[in-house]
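Following: one structure in structure tokens, then a few remarks.
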Amino acid sequence: MSIFTKIKARYRWFRQRPLGKVLLNKYFIVGFIFVVWICFFDTNNVGQMLRARRTLRSQRQQIEFYEREISQMERKLEQLKSQRDSLEKFAREEYFYLQDGEEVYVIK
């Protein structure tokens, strides 16, 4: 018995089973190839979609972070505009401003 006759016999045996009828159906094979192509080889494949979602999530997190920072800065700016003492304190702490005849020593 040659190898081709053995393969043919196994093919017939598999074709008679219910799962074999489905898996060897030409429409199933074409549909399966189409799904594999769309999922892995197309320009908008699964990997691209996952990377895009990850990027979108990180961009949204950055937006939230910067919105919080903006609101904090606006509150701080409003406080600096409303009180002269806080403006002087801010200038001295952040930019090391000093008055005439005054010496400041910065210790780190």
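No lab work stands behind these numbers, since they all come straight from the coordinates. What you see is a predicted model, and the numbers here were worked out from it, not measured in a lab. Counting neighbours? That spans all protein chains shown, and the Cβs are built from the backbone with ideal geometry, glycine included.
What the table shows:
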item	result
Formal net charge of residues neighbouring Arg68 (Cβ-Cβ distance under 14 Å; K, R +1; D, E -1)	-1
The range 76-98 and the range 1-68: distance between their alpha carbon centers, rounded to Å	62 Å
Label point distance in nm, Tyr105-Ile70, each placed 7 Å from Cα along Cα→Cβ	4.5 nm
Neighbourhood net charge (14 Å Cβ-Cβ; Lys/Arg +1, Asp/Glu -1) for Gln59	+3
Spin-label model distance (nm) - Cys39 vs Leu24, 7 Å beyond Cα toward Cβ	2.4 nm
Neighbourhood net charge (13 Å Cβ-Cβ; Lys/Arg +1, Asp/Glu -1) for Asn25	+4
Cα shape, the range 54-108, gyration tensor, a/c 1.5 rule	oblate
Rg to Rh quotient for the chain, alpha carbon positions, Kirkwood Rh	1.63
Extension gain, Arg60 back to Phe4 (0.36 nm per residue minus Cα-Cα distance, nm)	14.2 nm
Contour minus Cα-Cα distance for Ala91 and Gln48 (0.36 nm per residue)	10.6 nm
10 Å Cβ shell holding at most 13 others, DSSP loop, GluC sites (Glu not before Pro): longest site-free stretch of the chain	1-101
